[in-house]
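Every number here is computed from the coordinates shown, using simple stated rules; none is lab data. Note that the structure is a prediction, hence the values are computed from the model and not measured. Cβ coordinates were reconstructed from backbone atoms using ideal geometry, including for glycine residues, and neighbour counts include every protein chain displayed.
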Amino acid sequence: MAPKRRATRRTKTEESAEEEGETLEKQPRRSHASGGSKYIGAHVSIKDGIWKAVDSCVAMDGRCFALFLGSQRSWTRPALDPAAADKFREQCSRHRFDSAHILPHGSYLMNCGSPKEDVLEKSRVLLVEELSRCSRLGLSLYNFHPGSSLGSISTEQCVQRIATSINNAHQKTPAVVTVLENMSGQGSTVGGNFPELKSIIDKVRDQSRMGVCLDTCHAFANGYDLSAEGGVKAMLNEFDQEVGLQYLKAVHLNDSKGKLGCNLDRHEDIGKGHIGISAFRDIMNEPRLDHIPLILETPGRPGFEYAEQIELLYSLCDKKKM
Ligand SMILES: [Zn+2]
Ligand SMILES: [Zn+2]
């Protein structure tokens, strides 16, 4: 797949070419020269319209992005405005974002493994609704937190409920890939370790529609020591053995406020937490993470916002390997 090239700041020539309705395809573009096969981006807001997510990503010179598909407070979604959906698709194609590099994030309200029947039912309805929305937006991946037993059913029972929710959603929607996220192990969430993720996948009928998004903060909080020398490689080896690298569709790039094994879901800016910068250097030079979306969900403090963190990450690429 050819890497996308995008200018950090658009030149006057580009702007006037656009005004004159010319295509920008032939314009030379500056880009993260060493970005190569790595696709770094961030979770962006949809509050001013879903198509604005694309603009936000372009403004920070991201090459991939994540977004919510609606309010995080409501179980129901207003019907998707066809004009907004068209605009989103147009913006994606104009800026050459492939759907493999866009990772919608599921609603935090959902618990597809809930022991409470009413919550389980509402979650299953919302999962189907969100997957249909992905299709209408031209998206092919959908990332969500597997679920939680709330301590009142066993992990196995929760895993079974999650798999049933996914099978049901697959049956009712076209070919969007459901991407499970590894959890920090906070509370009674399921999917914190690789065997649990695999046990969900094993119970899904159409495994060609399954994927995993590895969150670095969650992995570290769950005891995968990315801060150790060779920690990134060791985690990926373990993932390959226990789940299978073919399922790896994305990474959430977050440093961790909490210490190794703390089980806390507390994201920190890149290089400012307990994972530390050398793990992110290893990530940027890890060929098994080529061509998949690597998405920031960090606090992005003033002066070290997403654009700066993206810049920093690209600067960690070993130029000799490019
Ligand atoms: Zn998440
Ligand atoms: Zn998190």
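Overview of values
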item	result
Between the range 119-159 and the range 48-101, the Cα center-to-center distance that results, in Å	20
Fewest-first sequence of 161, 266, 136 by Cβ atoms within 10 Å of each Cβ	136, 266, 161
The range 53-94: trypsin sites (Lys or Arg not before Pro) in DSSP coil with no more than 13 other Cβ atoms inside 10 Å	73
Mean ellipticity per residue at 222 nm, deg cm²/dmol - from DSSP H runs of n ≥ 4 across the chain, formula -39500 (n - 2.57)	-10500 deg cm²/dmol
Residue order, fewest to most beta carbons within 10 Å, for 51, 75	75, 51
Set of aspartates and glutamates with alpha-carbon distance to residue 249 below 14 Å, sequence-local pairs under 8 removed	98, 181, 215, 240, 290
Dipole moment magnitude, nearest 20 debye, the chain about Cα centre, only Lys, Arg, Asp, Glu C-beta charged	340
Long pairs among 87/272; 47/198; 198/233, criterion Cα-Cα beyond 29 Å	87/272; 47/198
Normalised contact order of the range 33-321, rounded percent, pairs of Cα under 8 Å and 6 or more residues apart	19
Gain in span if fully extended, residue 59 to residue 121, counting 0.36 nm per residue against the direct Cα distance	18.4 nm
Kyte-Doolittle at least -0.5, axis length at least 24 Å by Cα - qualifying DSSP helices, the chain	117-136
Fraction of antiparallel bridges per DSSP, the chain only, in percent to nearest 5	15
Amide hydrogen neighbours beyond the local backbone of residue 103, cut-off 5 Å, H modeled	65, 66, 67
Overall Cα dimensions of the chain, principal axis frame, Å, largest first	62, 49, 34
